[in-house]
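Structure record follows, encoded as structure tokens.
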Amino acid sequence: MIRTALPADLDAIAALHTRARSTYYRGRVPEAVHGGDEGFARTREGWSRAGAEGGVFCAERDGVLTGVAAFRTAEGQATLTQLHVDPDHWRQGTGAALHAACLDVWRRAGVDRVRLEVFEHNLRAQAFYASHGWRPDPAADRSGSHLTLWLRVADGAEPRSKAAGARPLSGE
């Protein structure tokens, strides 16, 4: 089930985000940057801001948070800022369902094109995005260790999500 994130979800979202990031950062980024109590607090604060600045969706299976996605939309431009699936739930359709929920919101908002940045070493995520129509922009400047990908919303032929009408996470 895809649903709008609630303030009560923040700890579970931050924990899931930390688990997912540790899989692709392991051996490339010091754990102190993305793990531990300080990393968790930064992650939690980031997700709280994401809810205030845009939309946040949670994926749940049997009452357990299995994935999360965040986006911002302003002046007809959208950015997929986060999409994480708990590693224990990879390859079960969670990421695709979250992606479809975001696409639905962007279509309803009249968004034509969406941007995201993906860690250059996260080949699993890059393959996922490519399978959903995201393409690199050869003219785009690199953002440190991240690649910039773009999606034409009209090209994303995924089914409409039941999360239509969802409102973003707000406040605590």
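The values are calculated or read from the model by the stated rules, or taken from the named source; none is laboratory data. Bear in mind that the values here come from a model prediction, so they are computed numbers and not experimental data. Please note: Cβ atoms are built from the backbone with ideal geometry, for glycine as well, and neighbour counts cover all protein chains shown.
Annotations
- Pair list, Cβ under 6 Å, 6 or more apart: segment 48-60 residue surrounded by fewer than 23 Cβ atoms within 10 Å (Cβ to Cβ), other residue among the basic types (Lys, Arg): Glu53/Arg72; Gly54/Arg72
- Test: residue in segment 40-47 that is within 20 Å of Arg115 (Cα to Cα), within 17 Å of the chain's Cα centre (by Cα) and either among the β-branched types (Val, Ile, Thr) or modelled with pLDDT of 80 or more (or both): no
- Qualifying residue in segment 86-98 (condition: buried (at least 21 other Cβ atoms within 10 Å of the Cβ) and part of a strand (DSSP E or B)): no
- Residue in segment 124-131 that is part of a helix (DSSP H, G or I), over 17 Å from Met1 (Cα atoms), modelled with pLDDT of 90 or more and of a type in the set (D, E, K, R) present: no
- Among the residues of segment 104-120, the ones that are under 19 Å from Arg91 (Cα atoms) and in contact (Cβ under 8 Å) with a residue 40 or more places away in the chain come to 0 in all.
- Tabulated pairs, segment 72-90, first of a type in the set (D, E, K, R), second assigned to a loop (DSSP other than H, G, I, E, B) and modelled with pLDDT under 90, C-beta under 7 angstrom, 6+ apart or interchain: Arg72/Gly54
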